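In what follows, a structure is listed as structure tokens, so that the remarks can point back to it.
The values are calculated or read from the model by the stated rules, or taken from the named source; none is laboratory data. Just so we're clear, the structure is a prediction, and the values are computed from it rather than from any experiment. Here the Cβ positions follow ideal geometry from the backbone for every residue, glycine too, while neighbour counts run over all protein chains shown.
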Amino acid sequence: MLADLALVGFGHVGRRFARLLDERREALARDFDLTCRVTGIATRRHGAIYNAGGVDAVGAAGLLEAGGTLAEAGAPAGVTGSHDVIVRLAESPAALRVLVETTTLDIGAAEPARSHVRIALTARCHVVTANKGPVAFAYRELSALAEGSGVRFLFEGAVMDGVPVFNLVRETMPTVRIEGFRGVVNSTTNHILTALENGEAFAPALAHMQAEGIAEADASLDVDGWDAAAKAAALANVLLDGGVTPRDVDRTGIGPDTASWAREAMTRACRVRLVASARRGSRPIVRPEELPQDDLLAGLRGMANALILDTDTLGRVVICQLDGGLTHTAYALLSDLIAIRKGCAVAAGV
């Protein structure tokens, strides 16, 4: 089965996805009868390109990393941005048409990602995204639009990189009711808090996360707790039918003054962690908490994340990720793409 993909947003995650797609090309064809062709790429600062016969996404990634623009790759006349690329994707005769949305988080209204997703779903294109904004701000609207258009809206990379959260609940926990969650879901702040415990200063610890491409483009989204708030809203919306936005989250972040608290907590055999939590019917909370040493979340160090789901049937289920990074998030996009392919096979009775 041929899948045409439009990559809207082509930063660290988008470029890693393009390379991962190339690395897994043979496995996708062999194991899932799936051939992926990138036909369009759109960026905010480096232009856009579309070619119905396919574009060299890996070559485009290298071009941008060398300081070039997509115009140098031969963008056709009339394609100037994301809207044009999505419209062209919708015209493709391929069996699958998929928007891969990896623009940066806008904590104000989830734009332009929200509009990108809406346009694609309306045009009956599937959507996979690593941007938590659309799920955090408009999950009910967009999921209903996807259902009405007969396509999928998937977002596994929105919360814990490539570790399955939404897929796990959807595919392996039928009839189970999630009553609440509690977790550490922001790698940047957890790395900083661990560094503070080790005697490092706040600014160098944050700079390291920015250099690795892990911190949000606007680092204040991480340290002020907005990234965790968006993830908490996304989790509440999908798992608890919350109908909230990040603005509804009771949010407190961390800063340089957290250093003394983190070090003093260690003298009490405790650890300070930025915890996101919610119960069904309640307002999500994101705030630094002093946790006893035997708390599972207290033991998370560096970029480790964990999410504890409280369920009515299975008790507490823990999802833990000891490592995170660009490859993990790119893999989440790939796993969602495979989920779409599997859904098509089931629908066809294959």
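Could you tell me which residue of region 210-246 is farthest from the chain's Cα centre (by Cα), considering only residues that are closer than 27 Å to residue 14 by Cβ and among the charged types (D, E, K, R)? Ranking the qualifying residues of region 210-246, first place goes to 224.
Yes/no matrix, rows are residues, columns are (1) crowded, with 22+ Cβ neighbours inside 10 Å; (2) touching a strand residue (DSSP E or B) at 6+ places or on another chain (Cβ under 7 Å); (3) touching a residue at least 40 places away in the same chain (Cβ under 8 Å):
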position	(1), (2), (3)
38	yes, yes, no
41	yes, yes, yes
65	no, no, yes
80	no, yes, no
97	yes, yes, yes
101	yes, yes, yes
110	yes, no, no
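Residue check: residue 51 meets all listed conditions (1) crowded, with 17+ Cβ neighbours inside 10 Å; (2) touching a Lys or Arg at 6+ places or on another chain (Cβ under 8 Å) but one, namely (2). Would you call residue 24 closer than 20 Å to residue 157 by Cα, modelled with pLDDT of 95 or more, assigned by TED's automatic domain parsing to the domain that holds residue 334 and basic (Lys, Arg)? So residue 24 passes the test.
State which residue is surrounded by the fewest Cβ atoms within 10 Å (Cβ to Cβ) when the search covers only region 67-78 and only residues that are touching a Gly at 6+ places or on another chain (Cβ under 6 Å) and in a helix (DSSP H, G or I). Among those residues, the one meeting the criterion is 71.
Scanning region 121-138 for residues that are in contact with a Phe, Trp or Tyr (Cβ under 9 Å, 6 or more places away or on another chain) and in a helix (DSSP H, G or I) yields 121, 134, 135.
Remark: residue 203 falls outside the filter, which requires a residue to be at pLDDT 85 or above and buried (at least 20 other Cβ atoms within 10 Å of the Cβ).
Please state which one of 104, 39 is outside any helix (DSSP H, G or I), touching a Ser or Thr at 6+ places or on another chain (Cβ under 9 Å), in the same structural domain as residue 153 (by TED's automatic domain parsing) and not small (Gly, Ala, Ser). Testing whether each residue is outside any helix (DSSP H, G or I), touching a Ser or Thr at 6+ places or on another chain (Cβ under 9 Å), in the same structural domain as residue 153 (by TED's automatic domain parsing) and not small (Gly, Ala, Ser) leaves just 39. A residue that is touching a residue at least 60 places away in the same chain (Cβ under 8 Å) and either in contact with a Phe, Trp or Tyr (Cβ under 9 Å, 6 or more places away or on another chain) or of a type in the set (S, T, N, Q) (or both) occurs nowhere in region 141-153. Kindly check whether there is at least one residue in region 153-171 that is more than 22 Å from residue 14 (Cα to Cα), acidic (Asp, Glu), part of a helix (DSSP H, G or I) and modelled with pLDDT of 95 or more. Taking every residue of region 153-171 in turn, none turns out to be more than 22 Å from residue 14 (Cα to Cα), acidic (Asp, Glu), part of a helix (DSSP H, G or I) and modelled with pLDDT of 95 or more. Scanning region 290-307 for residues that are farther than 21 Å from residue 178 by Cβ and surrounded by fewer than 21 Cβ atoms within 10 Å (Cβ to Cβ) yields a total of 10.
On the given criteria, is residue 229 outside any strand (DSSP E or B), small (Gly, Ala, Ser), touching a residue at least 40 places away in the same chain (Cβ under 8 Å) and in contact with a Leu (Cβ under 6 Å, 6 or more places away or on another chain)? No; evaluated as a whole, the condition is false for this residue.
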